[in-house]
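Engineer: For reference, the structure I am asking about is given below.
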């Protein structure tokens, strides 16, 4: 089965450090989403791309977060500097625009900022 | 703006039927998804509705009424493994923003 691959699976870092999370979408998928999940807020959309172009990043704190797709096989989410409130599970999802079978999620990166 | 509401939690008995409701108010609508998420795992796709009516897929069915901003997920012949969070998500534009509700935590008891 095709899958969305996220690395690292778990990350513990100190406040103030830079964190980079990576996502390899499924080959042929042209839409990539970044979500953050916490118990309090649920799944929040941070940013998404279509055909590698950023379409919306309004859910992302721009002063510290950045999302890019340097090529069709890699999406990155960076936090600099990280803060304890950034602790969450970050999911990447990919799909084809207009498809009716939903988007496929990666296993997520569990981030803990201490 | 957007607002997607689901009950926080539900409990049902193994073998029974349960209906999980979702109401939404969003600017733009291009379909509604249901996802299942087991604890510690990623959400997995269950169903998609873009037109009014019922979509059936094995033990799971999903219904949509666009005029009422309402959907439900129906789970039949409940099994213990159906204990999970069920997430309603609205697609605001074709291939566009997929916004999730808070999820409904379903517990299936013997």
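The values are calculated or read from the model by the stated rules, or taken from the named source; none is laboratory data. Because the structure is a prediction, the values reported are computed rather than measured. With ideal geometry, Cβ positions are generated from the backbone for all residues, glycine too; neighbour counts draw on all protein chains shown.
Engineer: So in the stretch B:1-31, with the set limited to residues that are modelled with pLDDT of 95 or more and in a loop (DSSP other than H, G, I, E, B), which one is surrounded by the fewest Cβ atoms within 10 Å (Cβ to Cβ)?
Structural biologist: B:8
Engineer: Taking the condition more than 13 Å from residue B:18 (Cβ to Cβ), in a loop (DSSP other than H, G, I, E, B) and more than 14 Å from chain A (Cβ to nearest Cβ), does residue B:68 pass? Let's see the steps before the verdict.
Structural biologist: Values: more than 13 Å from residue B:18 (Cβ to Cβ): yes; in a loop (DSSP other than H, G, I, E, B): yes; more than 14 Å from chain A (Cβ to nearest Cβ): yes.
So residue B:68 passes the test.
Okay, residues lined up against (1) in contact (Cβ under 8 Å) with a residue 24 or more places away in the chain; (2) under 25 Å from residue B:90 (Cα atoms); (3) in a loop (DSSP other than H, G, I, E, B):
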{"residue": "A:54", "(1), (2), (3)": "no, yes, no"}
{"residue": "A:58", "(1), (2), (3)": "no, yes, yes"}
{"residue": "A:70", "(1), (2), (3)": "no, no, no"}
{"residue": "A:82", "(1), (2), (3)": "yes, no, yes"}
{"residue": "A:92", "(1), (2), (3)": "yes, yes, no"}
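Engineer: Is it true that some residue in the stretch A:94-106 is farther than 26 Å from residue B:46 by Cβ and assigned to a loop (DSSP other than H, G, I, E, B)? Steps first, please.
Structural biologist: The first filter runs over the stretch A:94-106 and keeps only residues farther than 26 Å from residue B:46 by Cβ, leaving none.
No, because not a single residue in the stretch A:94-106 is farther than 26 Å from residue B:46 by Cβ and assigned to a loop (DSSP other than H, G, I, E, B).
Engineer: Does at least one position in the stretch A:27-36 carry a residue that is in a loop (DSSP other than H, G, I, E, B), more than 14 Å from chain B (Cβ to nearest Cβ) and farther than 26 Å from residue A:2 by Cα?
Structural biologist: The answer is no; no qualifying residue exists.
Engineer: Now a separate question. Is it true that residue B:74 is surrounded by 14 or more Cβ atoms within 10 Å (Cβ to Cβ), at pLDDT 95 or above and part of a strand (DSSP E or B)? Spell out how you get there, then give the answer.
Structural biologist: Details: surrounded by 14 or more Cβ atoms within 10 Å (Cβ to Cβ): yes; at pLDDT 95 or above: yes; part of a strand (DSSP E or B): yes.
Yes: the conditions hold for residue B:74.
Engineer: Condition test on residue A:71, is it under 30 Å from residue B:7 (Cβ atoms) and more than 8 Å from chain B (Cβ to nearest Cβ)? Before you say what the answer is, go through the steps one by one.
Structural biologist: Numbers: under 30 Å from residue B:7 (Cβ atoms): no; more than 8 Å from chain B (Cβ to nearest Cβ): yes.
No, not satisfied.
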